[in-house]
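Have a look at the structure below, then the notes.
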Amino acid sequence: MLRTLRIENFRCFQAFELQQLGKLNLLVGTNNSGKTSILEAVQLLNSQSNLESLREVMIGRGEYILNDEGAGGSELDVRHLFYGHE
């Protein structure tokens, strides 16, 4: 069980820390305040470097670039994963 979660340079967080986590935790906040990003960080941490989880998160958010090539493929737009991306 996580007792503390520290997130750095991930999505909207330059630095963020949750302390004294318990068995059940409630995340509340206004729209676009980072609640989903916290859950994604935990999901990616729990995936133990399985890149399929990362792919699912990014496709779920529509963070991909369609290739102009006729193959109809797409590439993940990973810059959205980093704080302050351009």
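A few points about this structure:
- Angle in degrees between helix 51-60 and the longest Cα principal axis of the chain, rounded to the nearest 10: 80
- When the alpha carbon gyration tensor of the chain is reduced to an equivalent ellipsoid, its three semi-axes come out at 28, 14, 11 angstrom, largest first.
- Folded to 0 to 90 degrees: helix 35-46 orientation relative to the chain principal axis, Cα: 90
- Loop-resident trypsin sites (Lys or Arg not before Pro) (DSSP state other than H, G, I, E or B) in the chain with no more than 15 further Cβ atoms inside 10 Å of their Cβ: ARG3, LYS23, ARG61.
- Å² of accessible area per residue within the chain, as computed with a 1.4 Å probe and no ligands counted: 78
- Nonlocal amide H pairs with ARG11, under 5 Å, H built at 1.01 Å: PHE82, TYR83
- On the chain, 49 percent of the accessible area sits on carbon and sulfur atoms, based on a 1.4 Å probe.
The values are calculated or read from the model by the stated rules, or taken from the named source; none is laboratory data. These numbers come from a predicted model, not from an experiment. Neighbour counts are summed over all protein chains in view; Cβ atoms, including those assigned to glycine, are modelled from backbone coordinates with ideal geometry. Side chains are part of the model used for accessible areas, which takes the heavy atoms of the whole protein and leaves out ligands, DNA and RNA. Shrake-Rupley method; radii C 1.70, N 1.55, O 1.52, S 1.80 Å.
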